[in-house]
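Here the structure is laid out as structure tokens; the discussion comes afterwards.
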Amino acid sequence: MGHAKKPVFPDAGAVAAVENASVAKIKVSAKDGATNASISDTGVRVTGGKLTEVKLTEANSGKKVTGAISSDGTSWKPGAQLERGTKYRIVAKAKDAKGRAATENASFTTVSSANSFIGSYTPDDGKTVGVGMPVSFNFDKVISNKKDVQSHITVTSSSGQKVVGHWFGAQRLDFRPEDYWKAGSKITMKIDLDGVKGGQGITGVQSKTVSFTIGRSQVSTVDMNTQTMTVKRDGKTLKNVPISGGRAKYPTYNGQMVISEKFEQTRMDGSTVGFTSKADTYTIADVPHAMRLSTSGTFVHGNYWSAASVFGQTGTSHGCIGLRDQQGGGGDTPGKWFFNESLVGDVIVVKNSQEKTIKPDNGLNGWNMSWSEWKAGSAV
């Protein structure tokens, strides 16, 4: 992931959290974000503990996939073969012998047949999202016929804003207007790919209309000079929240970042994103109130392992934005408050960091491109 390996998560005070971390390690067979997951081999395994709950759902319909945890508690399998070309979400929970919790989250799309292509997309039908939410397609095959594919997906807004597509490589196509969506508008996406040639030997199979709603406008600005996040709703300041951003060695990216996923609790492991030295790596099995800002591992999340005095004062993380929180996510904390007040699609703007601006394709962060650059990436 090149530079993407650098800014990531928690902090020096994480040592105590690591020492008290659950030793249960959960592995989902389908990689998070995969567009070619197996329809028959999907499952969950745990070492160092026992599974307590596994929830697998179809992302678009919310339909639950039944399954069973093995008698020894170390594995889970769905009760039936998964559907082709379908996006799923999985949440797996486990406990080790000392009762310490661990959680793993993943979303993946199963493979389509060899002679067809499908695009997994976000946001899902019927969702209410923040003003920064682009429409983002990830195709499971390389698209060489970009013009025809793009022209058979139309995105319109009740606000009348002009929406333009932009290709990031040959398998990702995002759509956005010039400025953030207007609060309260309704967005309609028509996917008319059935029978459309995507390239040599592959034809589209999707035909559906998806709509979602833009909620209130919430844009939060993080000033790394003051280690403070100013949360603005519909242009008015809701709250100033003390944060702890990236430390000097691992500064947080500058730029406009969009919340792409929300997890009540998740595991963060430094070794998966390039932190391999003993001094720098960490595993925290139960990070509370975590919201993803980049593919490479930048989150805004609750931090229960640092002293309260660091928030609003000093950067301690590996590039994330930490808010004071409690282990287990209880209590009345800034981490919990911000999580509850945030939607997927809300924007967080980071300024005055010693790091460069985040790349537009590292997460749903195309707002960091000028409108002329954005339009230049359209095939239509």
Checklist outcome for this item: In debye to the nearest 20, the charge dipole size for the chain, taken about the Cα centre with +1 at each Lys and Arg Cβ and -1 at each Asp and Glu Cβ, equals 100
Checklist outcome for this item: Regression test value, accessible area per residue of the chain, probe 1.4 Å, units Å², expected 43
Checklist entry - Among 89-98, 162-171, what's the highest-first ranking by average C-beta atoms within 10 angstrom per residue? => result 89-98, 162-171
Next on the checklist: With the crude spin-label approximation of a point 7 Å out along Cα→Cβ, what separation in nm comes out for Lys55 versus Arg172?
Outcome noted: 2.8
Next on the checklist: For a quick check: with amide H placed at 1.01 Å from N, whose amide H comes under 5 Å from Thr86's, ignoring anything fewer than 5 positions away on the same chain?
Outcome noted: Thr110
Item to check | Heavy-atom accessible area order for Ser244, Ser70, largest first, 1.4 Å probe | outcome: Ser70, Ser244
Checklist entry - Which of the aspartates and glutamates could be linked to Lys232 by a straight reach, that is with a Cα gap under 18 Å, when you skip same-chain ones fewer than 8 residues away? => result Asp179, Asp223, Glu341, Asp346
Checklist entry - Taking a threshold of 25 Å on the Cα-Cα distance, which of the pairs Lys146/Lys375; Lys27/Lys356; Lys31/Lys336; Lys55/Lys336 fall above it? => result Lys27/Lys356; Lys31/Lys336
Item to check | Relative contact order %, the chain, counting alpha carbon pairs below 8 Å whose residues are six or more apart | outcome: 19
Item to check | FRET efficiency for Leu238 and Arg84, using Cβ-Cβ distance with R0 set to 41 Å, rounded to 0.05 | outcome: 0.40
Item to check | Added length on full extension, which subtracts the Cα-Cα distance from 0.36 nm per residue, Gln354 to Arg216 | outcome: 46.6 nm
Item to check | Overall form of segment 144-269 per C-alpha gyration tensor (a/c, 1.5; a/b vs b/c) | outcome: prolate
Checklist outcome for this item: For segment 163-263 the trypsin sites (Lys or Arg not before Pro) that pass both the DSSP coil test and the at-most-14 other-Cβ-within-10 Å test are Arg216, Lys249
Checklist entry - What is the dipole size for segment 228-369, taken about its Cα centre, with +1 at each Lys and Arg Cβ and -1 at each Asp and Glu Cβ, in debye to the nearest 20? => result 360
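Assuming R0 = 25 Å, can you tell me the calculated FRET efficiency for the pair Asp41 and Lys63, based on Cβ-Cβ distance, to the nearest 0.05?
0.75
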Checklist entry - In whole angstrom, how far apart do the alpha carbon centroids of segment 72-139 and segment 311-380 sit? => result 22
Checklist entry - How many percent of the accessible area of the chain is carbon or sulfur, using a 1.4 Å probe? => result 48
Checklist outcome for this item: Rounded to the nearest 0.05, FRET efficiency between Ser70 and Asp192 (Cβ-Cβ, R0 35 Å) equals 0.20
Checklist outcome for this item: Gyration tensor on Cα atoms of the chain, a ≥ b ≥ c root eigenvalues, a/c under 1.5 rounded, else prolate if a/b beats b/c, else oblate, says oblate
Item to check | Hits among aspartates and glutamates - C-alpha to C-alpha of Lys197 under 12 Å, sequence gap 8 or more where chains match | outcome: Asp148
Checklist outcome for this item: Along segment 129-145, Karplus-curve 3J(HN,Hα) (6.51, -1.76, 1.60; θ = phi - 60°) to the nearest Hz, with x for Gly and Pro, reads 10, x, 5, x, 6, x, 8, 10, 9, 10, 8, 7, 9, 5, 9, 9, 8
Item to check | Per-peptide average of other Cβ atoms within 10 Å, ordering 224-231, 154-161, 286-293 highest first | outcome: 286-293, 224-231, 154-161
Checklist entry - So how do 138-146, 30-38 stack up, highest first, on mean other-Cβ count within 10 Å? => result 138-146, 30-38
Checklist entry - Considering amide H positions built from the backbone, and no H for Pro or chain starts, which residues 5 or more places from Arg233, or on another chain, come under 5 Å of its amide H? => result Leu238
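The values are calculated or read from the model by the stated rules, or taken from the named source; none is laboratory data. Just so we're clear, the structure is a prediction, and the values are computed from it rather than from any experiment. In this analysis, Cβ positions are derived from the backbone assuming ideal geometry, glycine residues included, and neighbour counts consider all displayed protein chains. Areas reflect the complete protein model, heavy atoms only, side chains present, ligands, DNA and RNA absent. Shrake-Rupley method; radii C 1.70, N 1.55, O 1.52, S 1.80 Å.
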